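The values are calculated or read from the model by the stated rules, or taken from the named source; none is laboratory data. These numbers were taken from a predicted model, which means no experiment stands behind them. Ideal geometry is used to build each Cβ from the backbone, glycine not excepted, and the neighbour counts take in all protein chains shown.
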Amino acid sequence: MSVLKTRFAPSPTGLLHLGNARTALFSAFAGDRFLLRIEDTDSERSRSVFVDGLIEDLHWLGLDWGDGPQSSVPTEGFFQSRRSEIYRAYYERLEAEEMAYPCFCTQAELEIARKVQLSAGKPPRYSGKCAALTREQVQQRLAQGLKPALRFRVSSGDEVEFEDGVRGPQHFRGEDIGDFIIRRADGTPAFFFCNAVDDALMGVDCVIRGEDHLSNTPRQLLILRALDLPLPAYAHISLITGDDGAPLSKRNGSVSLKELRERGYFPLAVANMLARLGQYYESDPGLMSFADLRAGFVIGHLGKSPSRFDPHHLDHWQEESVRAAGHESLWQWLFGETRSIVPDANRAQFLDVVRSNCMFPSDADQWARVFFTDEWERPDAEAGTELAAAGEAFFLAALDALSAADHTDFSGFLDRVKQRTGLKGKSLFVPLRLALTGRHDGPELAKIFRLLGRERMTERFARYADMAC
Ligand code: GLU
């Protein structure tokens, strides 16, 4: 059986955001073997903290890789900054075979030529000015101290065709591409050169990446063909947009994985949301395990049109993940401080409340304070008015019912309050809930009753009996 190798090749110039995280997820899902490569040739912008950050984020999301670094300590294999000798050998080969040539045109010259072409209604292409320099002319310029870029030669008859895994058949003509730079005048490599060479050398079979890279692909295929290197298959996934239809950015809702992790999102919620962003599952039973998300993923189910990121979808999966979380993982998800105030005897009941009422650890913390401490948020002015309206007699009845009932017997308690006050429905439940928790929303009253215990409930009812006097 053939093993399909895929990869994720981030540039460590910032935190991992949703767009790149989705590319990583799809790439990992698509391959039998998955590789992580750090594209850090831009030494100005690459930072080792971002390498560590993205490794942490990818692991958090549930990804693992057979090949690739596990920390920011650069190893020969998977950091492009350590592979310059490899690229140099390929540059030399292209130059020796005259498939690439030194180009001495300055930025200013290139800019003028571009403007002239554009104003004549032509697409900007390199004019070919340095394409036919003789060896002597090149030597002369080098002797003057001029630093050339290295330009790849594309003949106008060249054709590049490939089948994109998402976008179908693609066709590019050499004359539309023009000779392009593969190494800048300052000696730094063009990103797409190293990227193509590495995919070939690392045995990558299928490249999954954002559609913003589609225009690089014909140039990369030309380079690989010229070097007799194997060609991977490509699948360019559609971009993610914000709710304004513009590409997802910080301005319109993009968030980093680090931020989501710190807010208390479950990785499974993020993975369930991302896996459905522009990809559909043949049968979709709701929240899926990471293994099921992977098993049901099909490249052919990736859509061509942009996918909109909707934060409500993420929250939906978060809610589902909290509901489905196991006892221990839910307990560990809580803040340490929250765990320290939950008595052992109440842990299971408290987690039950968390599971059905909370989305984030901060919500759980508020409930723990309501149940187990006296530092909880008291009813606001509006609730205070409702409590006052319930009246002294109401809370005296509640206190009386409480002293009579077994403190675990909620329905016995409720029957007594009903009997004594003649109230039912909202006018019965709302003041009880407000007096006990300070809030209109929350877990079922029966659960609140059991978690609070007689002493705290007595204290709280008494406070509002007083207030109503
Ligand atoms: N380093 C490139 C990026 O982060 C990778 C592009 C690719 O996946 O081929 O955009």
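Mind checking which residues of region 203-228 are in contact with a strand residue (DSSP E or B) (Cβ under 7 Å, 6 or more places away or on another chain), away from the ligand (no atom under 12 Å from the Cβ) and not in a helix (DSSP H, G or I)?
Scanning region 203-228 gives Gly203, Asp205.
Within region 24-32, is there a residue that is farther than 25 Å from Arg184 by Cβ, touching a helix residue (DSSP H, G or I) at 6+ places or on another chain (Cβ under 9 Å) and away from the ligand (no atom under 14 Å from the Cβ)? Steps first, answer last, please.
In the first step, residues of region 24-32 are kept if they are farther than 25 Å from Arg184 by Cβ; the result is 24-32.
From the residues that got through so far, the ones that are touching a helix residue (DSSP H, G or I) at 6+ places or on another chain (Cβ under 9 Å) too are 24-26, 28-30.
Among the residues that remain, those that are also away from the ligand (no atom under 14 Å from the Cβ) are: 29.
Yes.
From the list Ala190, Ala200, which residue is without any contact (Cβ under 8 Å) to a residue 12 or more places away in the chain and within 14 Å of the ligand (Cβ to nearest atom)? Steps first, answer last, please.
Working: Ala200 fails: without any contact (Cβ under 8 Å) to a residue 12 or more places away in the chain.
Being without any contact (Cβ under 8 Å) to a residue 12 or more places away in the chain and within 14 Å of the ligand (Cβ to nearest atom) holds for just one of Ala190, Ala200, which is Ala190.
Could you run through region 312-322 and say how many residues are surrounded by 13 or more Cβ atoms within 10 Å (Cβ to Cβ) and more than 30 Å from Tyr234 (Cβ to Cβ)? Before you say what the answer is, go through the steps one by one.
Going through region 312-322, the residues surrounded by 13 or more Cβ atoms within 10 Å (Cβ to Cβ) turn out to be 313-322.
Okay, now just the ones that are also more than 30 Å from Tyr234 (Cβ to Cβ), so 315-316, 318-322.
So the count comes out to 7.
Counting only residues that are under 13 Å from His440 (Cα atoms) and in contact with a Gly (Cβ under 6 Å, 6 or more places away or on another chain), which one in region 358-392 is surrounded by the most Cβ atoms within 10 Å (Cβ to Cβ)?
Pro379
Filter region 409-439 down to residues that are closer than 12 Å to Glu386 by Cβ and among the small types (Gly, Ala, Ser) and give me whichever is surrounded by the most Cβ atoms within 10 Å (Cβ to Cβ).
The qualifying residue surrounded by the most Cβ atoms within 10 Å (Cβ to Cβ) is Ala435.
Of all residues in region 131-154, which are in a helix (DSSP H, G or I) and either of a type in the set (Gly, Ala, Ser) or touching a Lys or Arg at 6+ places or on another chain (Cβ under 8 Å) (or both)? Working first, answer last.
Of region 131-154, the ones in a helix (DSSP H, G or I) are 135-143.
Result: Ala143, single match.
Considering only residues that are exposed (fewer than 12 other Cβ atoms within 10 Å of the Cβ) and assigned to a helix (DSSP H, G or I), look in region 93-110 and name the one that is modelled with the highest pLDDT.
Ala96
Taking region 155-179, which residues are within 16 Å of the ligand (Cβ to nearest atom) and either outside any strand (DSSP E or B) or surrounded by 20 or more Cβ atoms within 10 Å (Cβ to Cβ) (or both)?
Matches in region 155-179: Gly165, Val166, Arg167.
Would you mind stating whether Ser71 is among the hydroxyl-bearing types (Ser, Thr, Tyr) and free of Cβ contacts under 8 Å to residues at least 40 places away in the same chain? Write out each step before concluding.
Values: among the hydroxyl-bearing types (Ser, Thr, Tyr): yes; free of Cβ contacts under 8 Å to residues at least 40 places away in the same chain: yes.
For Ser71, the condition - among the hydroxyl-bearing types (Ser, Thr, Tyr) and free of Cβ contacts under 8 Å to residues at least 40 places away in the same chain - is met.
Results for (1) surrounded by fewer than 17 Cβ atoms within 10 Å (Cβ to Cβ); (2) more than 22 Å from Gln332 (Cα to Cα); (3) among the aliphatic types (A, V, I, L, M), shown as yes or no for each residue.
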{"position": "Pro267", "(1), (2), (3)": "no, no, no"}
{"position": "Ala271", "(1), (2), (3)": "no, no, yes"}
{"position": "Gly278", "(1), (2), (3)": "no, yes, no"}
{"position": "Asp284", "(1), (2), (3)": "yes, yes, no"}
{"position": "Met288", "(1), (2), (3)": "no, no, yes"}
{"position": "His301", "(1), (2), (3)": "yes, yes, no"}
